[in-house]
């Protein structure tokens, strides 16, 4: 017996939800997938920029009785990220009540400045102006920008 070349066409029918990786067997499942994607897009936080006011609003909401899981769901965050946001909000609140203006900076920026014996706003402003902060380890562009915003927010003397 000799081998024969055969051709077999296969017809695949499926419900399309718009995702090229999905092939749904029923229209109901495809519709549910579309709705799920819409809900995720609405909740997506992307690269959200958190302001002090946003942190304060989340903390206020939590203190009014909202559970962490409810806050997480409403903001589209994970439970762990919500815990981090609440912790930072509490730190910012405590820093706002502190007499030391350096307390309003992140831990990294504050520690880097203190390691260089820069413990006043005037000393930090002078060091930033003359470039002394350029060679400080772990003090890069993001930390410098944070310090600039911090200095801009301080009352002028």
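Structure notes:
- Nearest 10 degrees, 0 to 90: helix 141-153 Cα axis against the chain principal axis: 50 degrees
- For the peptides 99-110, 17-28, 124-135, the ranking by packing is 99-110, 124-135, 17-28, with the highest mean count of neighbouring Cβ atoms within 10 Å listed first.
- Full-extension gain in nm, residue 126 to residue 25, via 0.36 nm per residue minus C-alpha separation: 29.6 nm
- Global geometry of region 101-153, whether rounded, prolate or oblate, following the gyration tensor of its Cα atoms and the 1.5 cut on a/c: rounded
- For a label point 7 Å along the Cα-to-beta-carbon line of residue 142, residues of region 68-109 with backbone N under 14 Å: 106-109
- Using a Förster distance of 41 Å, the FRET efficiency for residue 80-residue 103 (Cβ separation, nearest 0.05): 0.95
- For 55, 14, order by how many other beta-carbon atoms lie within 10 Å, fewest first: 14, 55
Bear in mind these aren't lab numbers, they're just calculated from the coordinates by the rules spelled out. Since the model is a prediction, treat every value here as computed from it, not as a measurement. Note: ideal-geometry Cβ built from the backbone for every residue, glycine included; neighbour counts use all protein chains shown.
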